[in-house]
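Accompanying notes for the structure given below.
Every number in this text was worked out from the coordinates using simple rules, so none of it is lab data. From a predicted model like this one, the values you see are computed outputs, not experimental measurements. We place every Cβ from the backbone using ideal geometry, glycine too, and count neighbours over all the protein chains shown.
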Amino acid sequence: MTTSSPLVTVVIPAYNAEKTLAQTLRSVSAQTYEQLEILVVDDGSRDGTFELAKEYGLSDPRVRLLRQENGGVARARNHGVREARGSYVAPIDADDLWHPRKIEMQVQALGKFPMGRGVAYNWYAAIDGSDVIFGHSRPVIHEGDIFEAMVRENFIGNGSTPLMPRDEVLACGGYDAGLRDQGAEGCEDLKLYLALAERLPFALVPDFLTGYRFTAGNMSSNASRMLKSHGLVMADIKQRHPGLAETATLAEFDTARWYFKKSFYGGDYAQAMQLAPLLVRRFPSTLAVRTARDLWRAAKRQRRRLVKRISGKSPAPPKGAVPMSIALPASGTSFYELVAAKSAGRAGHFSEPRADRL
């Protein structure tokens, strides 16, 4: 990258992250976009997070280490944004991973907007504690004015994906740390994306460039807290945008149903049993309509498979299907394999770490 390229500040909130932080730092250091400032915000860790980050900084002078008393991920991100020197900020949690070209491609995508004033995002691959892919985000293609689409669904899906103008993040008030104070930590990123979407256009980089880690006990696995957090964010939308009240309520239902399915199919039957009566009590009519719709769609899929088997021809894609020219991440493969496949023949190195390295 040339020196005229805008400086991007990567913000890494880290709390007791010594087991995963080095991997995250390596994926950031390996970015082909070199105009980076890398801020690690130690959120009052009690393990070796601070020392690890300090030692890693000896090998990459772009790393700067900040410390604060434990205040939660929102306050840690806000601290990093305030201290950032870059025109753009790119947060990544201390257990997630990036494809080496993630920032480069996002900066390019923002070039379509005047003065680069917008937010860039991409799709993500869901990875487990061993960096193995077990799912991925729905490959949506929302661009431009995406506010209503974001009310319907947090299609970005995590806090480690967007590239955002720093001054606009500050103008929106940053991440709402008050949600944590209400026992509703979890949807701070969604609330910020909605605020940015009211002010700025969004650009899509249509590829799976974020490795978003799901592990037992992490914030996104706590359904009751996440649903409370989501409900507070949607309540604010309903108050300020009455015309989107129905859309916001449907989003609450879809979020609750998603956590129910995640719990049920993941074998967490205790949590599923807590969520089932909530769905029935809060969304009885919506649950009935959506269940009937899902059964109808399942029947149509079965019919298409039957037609294909009988005729030997592939049926036409469903109306409204998103055309996909990019291969979906294969479950059971490592995120590093995905990176290697996409980076074949390109410069740069993002190898799976060895146990004897930081």
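Would you confirm, using the coordinates I've provided, whether Arg82 is part of a helix (DSSP H, G or I), surrounded by fewer than 21 Cβ atoms within 10 Å (Cβ to Cβ) and of a type in the set (D, E, K, R)?
When the stated conditions are applied, Arg82 passes them.
If you check Gly86 against the conditions, is it on the phi > 0 side of the Ramachandran plot and touching a helix residue (DSSP H, G or I) at 6+ places or on another chain (Cβ under 8 Å)?
no
Out of Asp294, Asp254, I need the residue that is within 25 Å of Ala149 (Cβ to Cβ) and in contact (Cβ under 8 Å) with a residue 40 or more places away in the chain. Which one? Full working, then the answer.
Values: Asp294 fails: in contact (Cβ under 8 Å) with a residue 40 or more places away in the chain.
Answer to the check: Asp254.
Only one of these conditions is not met by Ile133: (1) in contact with a strand residue (DSSP E or B) (Cβ under 8 Å, 6 or more places away or on another chain); (2) part of a loop (DSSP other than H, G, I, E, B); (3) aliphatic (A, V, I, L, M). Which number is it?
(2)
Can you pull out every residue in the stretch 290-308 that is within 29 Å of the chain's Cα centre (by Cα) and of a type in the set (Val, Ile, Thr)?
Result: Thr291, single match.
Residue-wise test of (1) among the small types (Gly, Ala, Ser); (2) under 29 Å from Asp93 (Cα atoms).
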{"position": "Gly211", "(1), (2)": "yes, yes"}
{"position": "Arg225", "(1), (2)": "no, yes"}
{"position": "Thr247", "(1), (2)": "no, no"}
{"position": "Gly266", "(1), (2)": "yes, yes"}
{"position": "Tyr269", "(1), (2)": "no, yes"}
{"position": "Leu275", "(1), (2)": "no, yes"}
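Suppose we keep only residues that are within 16 Å of Pro13 (Cβ to Cβ) and in a helix (DSSP H, G or I) within the stretch 171-190. Which one would you say is nearest to the chain's Cα centre (by Cα)?
Asp189
Looking at Gly72, is it on the phi > 0 side of the Ramachandran plot, crowded, with 18+ Cβ neighbours inside 10 Å and touching a residue at least 40 places away in the same chain (Cβ under 8 Å)? Show your work before the answer.
Details: on the phi > 0 side of the Ramachandran plot: yes; crowded, with 18+ Cβ neighbours inside 10 Å: yes; touching a residue at least 40 places away in the same chain (Cβ under 8 Å): yes.
Yes; evaluated as a whole, the condition is true for this residue.
From Ala125, Ala149, which residue is in contact with a strand residue (DSSP E or B) (Cβ under 8 Å, 6 or more places away or on another chain), of a type in the set (A, V, I, L, M, F, W, C) and more than 30 Å from Ser4 (Cβ to Cβ)? Full working, then the answer.
Values: Ala149 fails: in contact with a strand residue (DSSP E or B) (Cβ under 8 Å, 6 or more places away or on another chain).
Result of the check over Ala125, Ala149: Ala125.
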